[in-house]
Amino acid sequence: MYSILLSAGWPIWPLLIISIIGLAIVIERAWYLRQIHIFPKDSLETVFGLANAISQQKTVSEAEIAAIGQLSPVGSLFACILREKASGCSADSALEELQASAQSTWLKLERYLGVLATIATVAPLLGLFGTVVGMIEIFGSQGVGSPQQLAHGISIALYNTAFGLLIAIPALAAWRGLRAMANQRQHECEEFTRQLFKKLYPHSADTK
């Protein structure tokens, strides 16, 4: 494998770098977007337990609400609603704050996915570029040459294209899968948030 990398020329090294970056993103996002990470065990029970206490006008400390925000990546969303209700804010005010908090939460779920999509798009182009550079170098150095040497040089140059496709295809599949996971977690979070909002503001309009 190392001999192939050396013989393919310098254009293959950027491909190797972005393949490592892409693999790191796939592993990190797959770990981050696990349901148990977004919604840890007993976390929702804790959230709705505090919501019950606030609805019954029991005293809930800021430390308890802040702890909700540290439970998971979407905890700040739940903490926002609880804090607004505990402060006596209206449903409209709470909804406005909730929407602002939701934007940053969704960005957390989709973090790095744009980079992965870019890798899937750019990798074949880098591979093609490497092949073209290799062909130029082959014809420039060998001229007419023997057919055997020319064929060998072309096959080496084509390693760049093959490597680019080898990166792009899994990266594209991973991007689609991770994007689906992020959308699913967002949908689940929206549903839990809607239920929490209705519990704290039972007379308000449905939130969407």
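Values quoted throughout were computed directly from the atomic coordinates according to the rules given, and no laboratory measurement underlies them. Just so it is clear, the model here is predicted, and its values are computed rather than measured. Using ideal geometry, Cβ is built from the backbone for each residue, glycine included, and neighbour counts are taken over all protein chains shown.
Being closer than 17 Å to Gln56 by Cα and not polar (S, T, N, Q) is the filter here; which residues of the range 77-90 pass it?
Filtering the range 77-90 for residues closer than 17 Å to Gln56 by Cα gives 81-90.
Matches in the range 77-90: Ile81, Leu82, Arg83, Glu84, Lys85, Ala86, Gly88, Cys89.
Does Ile27 satisfy the condition of being of a type outside the set (Phe, Trp, Tyr), farther than 30 Å from Thr131 by Cα and either part of a helix (DSSP H, G or I) or without any contact (Cβ under 8 Å) to a residue 24 or more places away in the chain (or both)? Before you say what the answer is, go through the steps one by one.
On the way: of a type outside the set (Phe, Trp, Tyr): yes; farther than 30 Å from Thr131 by Cα: no; either part of a helix (DSSP H, G or I) or without any contact (Cβ under 8 Å) to a residue 24 or more places away in the chain (or both): yes.
Considered against the rule, which asks whether it is of a type outside the set (Phe, Trp, Tyr), farther than 30 Å from Thr131 by Cα and either part of a helix (DSSP H, G or I) or without any contact (Cβ under 8 Å) to a residue 24 or more places away in the chain (or both), Ile27 comes out as no.
For the structure I just gave you, tell me whether Leu107 is part of a helix (DSSP H, G or I), without any contact (Cβ under 8 Å) to a residue 40 or more places away in the chain and under 22 Å from the mean Cα position of the chain (by Cα). Walk me through it before giving the result.
Numbers: part of a helix (DSSP H, G or I): yes; without any contact (Cβ under 8 Å) to a residue 40 or more places away in the chain: yes; under 22 Å from the mean Cα position of the chain (by Cα): yes.
Considered against the rule, which asks whether it is part of a helix (DSSP H, G or I), without any contact (Cβ under 8 Å) to a residue 40 or more places away in the chain and under 22 Å from the mean Cα position of the chain (by Cα), Leu107 comes out as yes.
How about the range 57-73: which of its residues are touching a Lys or Arg at 6+ places or on another chain (Cβ under 8 Å) and not in a helix (DSSP H, G or I)? Quick ask: steps written out before the conclusion?
Taking the range 57-73 as the starting set, the residues that turn out to be touching a Lys or Arg at 6+ places or on another chain (Cβ under 8 Å) are 62, 65, 73.
Within the range 57-73, just Pro73 meets the criteria.
Can Leu98 be described as of a type outside the set (D, E, K, R), in contact (Cβ under 8 Å) with a residue 60 or more places away in the chain, part of a helix (DSSP H, G or I) and on the phi < 0 side of the Ramachandran plot?
Values: of a type outside the set (D, E, K, R): yes; in contact (Cβ under 8 Å) with a residue 60 or more places away in the chain: yes; part of a helix (DSSP H, G or I): yes; on the phi < 0 side of the Ramachandran plot: yes.
Spelling it out, Leu98 is indeed of a type outside the set (D, E, K, R), in contact (Cβ under 8 Å) with a residue 60 or more places away in the chain, part of a helix (DSSP H, G or I) and on the phi < 0 side of the Ramachandran plot.
Is it the case that Ala123 is over 20 Å from Pro11 (Cα atoms), of a type in the set (Gly, Ala, Ser), surrounded by 15 or more Cβ atoms within 10 Å (Cβ to Cβ) and touching a residue at least 40 places away in the same chain (Cβ under 8 Å)? Before you say what the answer is, go through the steps one by one.
On the way: over 20 Å from Pro11 (Cα atoms): no; of a type in the set (Gly, Ala, Ser): yes; surrounded by 15 or more Cβ atoms within 10 Å (Cβ to Cβ): yes; touching a residue at least 40 places away in the same chain (Cβ under 8 Å): yes.
No; evaluated as a whole, the condition is false for this residue.
Would you pick out the residues in the range 50-76 that are out of contact with any Leu (no Cβ under 7 Å at 6 or more places or on another chain) and either among the aromatic types (Phe, Trp, Tyr) or buried (at least 21 other Cβ atoms within 10 Å of the Cβ) (or both)?
So the first thing to find is which residues in the range 50-76 are out of contact with any Leu (no Cβ under 7 Å at 6 or more places or on another chain), and the list is 52-53, 56-59, 61-63, 66-67, 69-76.
The answer is Val74, Gly75.
Please determine whether any residue of the range 77-88 is over 24 Å from Glu190 (Cβ atoms) and either of a type in the set (S, T, N, Q) or out of contact with any Asp or Glu (no Cβ under 8 Å at 6 or more places or on another chain) (or both).
To start, the set of residues in the range 77-88 that are over 24 Å from Glu190 (Cβ atoms) comprises 88.
Going one step further and asking which of them are either of a type in the set (S, T, N, Q) or out of contact with any Asp or Glu (no Cβ under 8 Å at 6 or more places or on another chain) (or both), we end up with 88.
The answer is yes; a qualifying residue exists.
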